[in-house]
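The values are calculated or read from the model by the stated rules, or taken from the named source; none is laboratory data. Values in this document were obtained by computation on a predicted structure and should not be read as measured data. So basically every Cβ, Gly included, is an ideal-geometry build from the backbone, and we count neighbours across all protein chains shown. Protein only, heavy atoms only, side chains kept; ligands, DNA and RNA dropped before computing areas. Shrake-Rupley method; radii C 1.70, N 1.55, O 1.52, S 1.80 Å.
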Amino acid sequence: LGTRRQAGEIPLGESPEGLGQSPDGRWVTAAVEESNEVVFVDTRTMARSFAVKVRGKNPEHAVFSPDGHWVLVSAEEGSAVDVINVDKRVQVAQIPVGTRPRGIGFSPDGRRAFVAAEMSSEIYVINMQTLTVQDKLMAGPKSNGISVHPDGRRVFISNGGDATVSVLDVD
């Protein structure tokens, strides 16, 4: 920042989207739309380390679980969330959710994930132990972004259809 210049560049592929970072800071992920993959960058070497192909078309977000074991991937042209096992470096599941999943957030303990489905205006609660949908809730129109409060008791959802933020009381 002091020099106000770019310090480096890491090639990812055409149309990289959302970035994620592992809790320990070792990995940065980028969802790469055109190749339908998630690229893992090793922050120690500042280089592309490996990529995992995903089934969802046009991946948008790639978000780490709090323990760094899982990465959930939402796709613009999909109605499911892809699940990557980071240690095995492979997609291990695909969980059906509403149309055009977007933002993803985890409870602090990592037992639940929250996924906003933009076109169906729904929030999906995923049980991370069984990798299944535990609950489905209506959200505001065109629900998109997700932010989970650090205490895990509230989830904030941005709604692009009416310029609001919904608040989900997890209890």
Interchain or long-range residues, amide H under 5 Å from Val97's placed H = Ala80, Val81
query = GNM, the chain, Cα, under 10 Å: largest mean-square fluctuation among Lys142, Lys53, Lys88?
reply = Lys88
inquiry  = In whole percent, and with a 1.4 Å probe on the protein chains, what portion of the accessible area of region 1-76 is carbon and sulfur?
reply    = 48 percent
query = Taking Lys88 as the anchor, which lysines have their alpha carbon closer than 23 Å to its alpha carbon, excluding any fewer than eight residues away along the same chain?
reply = Lys53, Lys57
query = For the pair Asn127 and Asp67, how long in nm is the line joining their label points, each one 7 Å along Cα→Cβ?
reply = 1.6 nm
task = Counting only C-alpha contacts under 8 Å and six or more residues apart, can you give the relative contact order of region 43-166 as a whole percent?
result = 15 percent
ask   = Arg55's amide H: which non-local residues (gap 5+, or another chain) put their own amide H closer than 5 Å, with H modeled 1.01 Å from N in plane and none for Pro or chain starts?
value = none
note = Under the 7 Å Cα-to-Cβ spin-label approximation, Ala93 and Phe156 lie apart by a distance in nanometres of 2.9 nm
query = Once amide H atoms are built 1.01 Å from N in the peptide plane, which residues 5 or more positions from Glu17, or in another chain, come under 5 Å H to H?
reply = Ala31, Val32, Glu33
ask   = For Asp24, what is the net charge nearby, where nearby means another residue's Cβ is under 15 Å from its Cβ and Lys, Arg count +1, Asp, Glu -1?
value = -1
task = Compare Asn58, Asn144, Asn85 in a GNM of the chain, Cα atoms joined below 10 Å, and give the one with the largest fluctuation.
result = Asn85
note = Once phi for every residue in region 42-49 is put through the Karplus expression 6.51 cos²θ - 1.76 cosθ + 1.60 (θ = phi - 60°), the whole-Hz ³J(HN,Hα) values, with Gly and Pro written as x, are 7, 6, 6, 9, 6, 9, 4, 9
key: region 61-67 - phi-based ³J(HN,Hα) in whole Hz, Karplus 6.51/-1.76/1.60, Gly and Pro as x   = 10, 9, 10, 6, 6, x, 8
ask   = Mind listing the phi-derived Karplus ³J(HN,Hα) values for region 91-97, rounded to whole Hz, using 6.51, -1.76 and 1.60 with θ = phi - 60°, and x for any glycine or proline?
value = 6, 10, 7, 9, 10, x, 9
note = Per GNM of the chain with C-alpha springs under 10 angstrom, the most fluctuating residue out of Ser120, Ser79, Ser49 is Ser49
remark   = Around Thr99 (Cβ within 14 Å, Cβ-to-Cβ, excluding Thr99; K/R +1, D/E -1) the net charge comes to 0
